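The next block holds one structure in the form of structure tokens; read it before the comments.
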Amino acid sequence: MDRQRKLYVRTYGCQMNVYDSERMAEAMGGQGYVSTDTPDDADMILLNTCHIREKAAEKVYSELGRFRGLKAANPELKIGVAGCVAQAEGAEILRRQPLVDLVVGPQSYHRLPELERQARAGTRALDTDFPAEDKFDRLAERPKAPRGPTAFLTVQEGCDKFCAFCVVPYTRGAEASRPAARVIAEARDLVARGVREITLLGQNVNAYHGAAPDGEWRLARLIRELAAIDGLERIRFTTSHPNDMDDDLIAAHGEVDKLMPYLHLPVQSGSDRVLKAMNRKHTAEGYLRLIERIRAARPDILISGDFIVGFPEETEADFAATMELVEAVEYGQCYSFKYSTRPGTPAAERAQVAEAEKDDRLHRLQALLGRQQRRVQDRMIGREVGVLFEKPGRAPGQMVGKSDHLHSVFVEAPVARGELARVRITGSAANSLAGTLA
Ligand code: 5AD
Ligand code: SF4
């Protein structure tokens, strides 16, 4: 090879895909690839796909079709599909799209270099197995390049909950936790490279139960141990299931200073009838009591969540119960979606709610959530919060970072990237806060 090969990765969907894309780029770095941010001059294109909502597979096929010209111009170009669509569609992708050279599911990323070699040798490659080993350890040694102030760290993957609408148990497989020692080693390495805030990732992160020398650690124990790492200033985790919020994790929110006062705790619906049909295994009342206990442990915690409107057979009364629950919780930030049919999931077989009805409910829910978000933001005015600065703002002389509560905060001051400063909040706009250094 007379020049370095270029890898272009396009990432869709959740933060775990962002993390996985970084790991894949590092693994291919070990094979002599450097990253490029355009597909035009790439020798390998990887689509890291998401299957959670909408017509995901169709979008991937049309996206792939657009690379036809590039492949005609450069026959050496290899095209790969990774992520949850790769897992769900598997060999069908190779059948339907001749441009694709390799398909790799989320549990097989450690085999990517091998699959790439196979593709270069002229054999189209497929790996969508669910092996038992820790794929992140098998990915190439990380190059010790410096990193930005924040990083994701996957500690848990997969899910055994089988909510009736969700593809995750099928695409990411059974719930599995990485051993605690590996997580801690990776966290230390990140901190040594400049990271000050780590977000622990998992589809069901608070189900974490990693192997440790003295048995199994739950997430709270892992967080307490991570908090002992010098130089690591902030810890976050996402995404959690209400039924896995154990007592120690609730207590940790009041006891561990480095654990930030922000919790993403999806409830999906406020109707017990719908929650049951969703197979969520909790009630609206149980969720509200849980939020109360969390707020008792950490009064200023900002709660965020996910909602689905128009789940099969959802009535106007069910939707009204969702609006009531939202009123009761007062969310700082939320994601809300129209139910979208996922083939192969139980809810796909049920009577569907009319599209116009879904649109109308989503509109009403988002209006309420928007007002709450603004109210919670406005209440920050006058308060002093920690802000970890990440990048320059749009205006000259501006820097922007995330507050303890995960609000974007702008200041007009010469603070450095990676600096953690106390900021007094002076203003609130649509999706951000303004402040001055305290
Ligand atoms: N339709 C709509 N939203 C969904 N989500 C998951 N599956 C679906 C679906 N089939 C949402 C849930 C979940 C978030 C990640 O995506 O709210 O918490
Ligand atoms: Fe999907 Fe989350 Fe339910 Fe698991 S707990 S099935 S990831 S929505």
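Values in this text are rule-based calculations from the coordinates and carry no lab data. Note that the structure is predicted; figures quoted are calculated from it, not measured. No Cβ is skipped: glycine too gets one built from the backbone with ideal geometry, and neighbour counts run over all protein chains shown.
Protection proxy ranking, highest mean first, for peptides 240-253, 420-433: 240-253, 420-433, where packing is the per-residue count of other beta-carbon atoms within 10 Å, averaged. Residues considered: A73, A320, A119. Largest GNM mean-square fluctuation over the chain, using C-alpha springs under 10 Å, is found at A73. Unpaired cysteine residues in the chain (no second Cys Cβ under 4.7 Å): C14, C50, C84, C159, C334. A Förster radius of 22 Å combined with the Cβ-Cβ distance from N279 to A317 puts the calculated FRET efficiency at roughly 0.60. Spacing of the modelled spin labels on E114 and D129, each 7 Å from Cα toward Cβ, amounts to 0.7 nm.
Take every Cα pair under 8 Å whose residues are at least 6 apart in sequence, average their separation, divide by the length of the chain, and the relative contact order is 9 percent. Starting from the Cα-Cα distance between E225 and R293, subtract it from 0.36 nm times their residue separation and give me the gain in nm to one decimal. Gain in length upon complete extension: 22.2 nm. Net charge dipole, the chain: roughly 840 debye, given to the nearest 20, about the Cα centre with Cβ charges of +1 for Lys and Arg and -1 for Asp and Glu. Net charge of the neighbourhood of D404, taken over other residues with C-beta under 15 Å away and scored Lys/Arg +1, Asp/Glu -1, is +3. Given axes a ≥ b ≥ c from the Cα gyration tensor, I'd like to know whether the chain is rounded (a/c under 1.5), prolate (a/b larger than b/c) or oblate. In terms of gyration-tensor shape, oblate.
Of the DSSP H helices in the chain, those with a Cα length along their own long axis of 15 Å or more and a mean Kyte-Doolittle hydropathy reaching -1.0 comprise 15-29, 180-192, 284-297, 316-329. Between E92 and A413, the modelled labels are 5.4 nm apart [label points 7 Å from Cα along Cα→Cβ]. When DSSP beta bridges are restricted to pairs lying wholly in the chain, around 35% turn out antiparallel.
Determine the shape class of region 1-152: with a ≥ b ≥ c the square roots of the Cα gyration tensor eigenvalues, call it rounded for a/c under 1.5, and otherwise prolate if a/b is greater than b/c, oblate otherwise. Judged from the Cα gyration tensor, region 1-152 comes out rounded (a/c under 1.5). A DSSP coil position with no more than 15 other Cβ atoms inside 10 Å describes the following GluC sites (Glu not before Pro) in region 40-99: E54, E76. Length gained on full extension, E349 to D37, computed as 0.36 nm times the residue gap minus the Cα-Cα distance: 108.2 nm. For the pair D300 and E330, label points projected 7 Å from Cα toward Cβ lie 1.5 nm apart.
If you run the Gaussian network model on the chain, springs between alpha carbon atoms under 10 Å, then out of Y12, Y262, Y61 the most flexible one is Y61. Compactness check for region 133-234: Cα Rg over 2.2 N^0.38 Å is 1.12.
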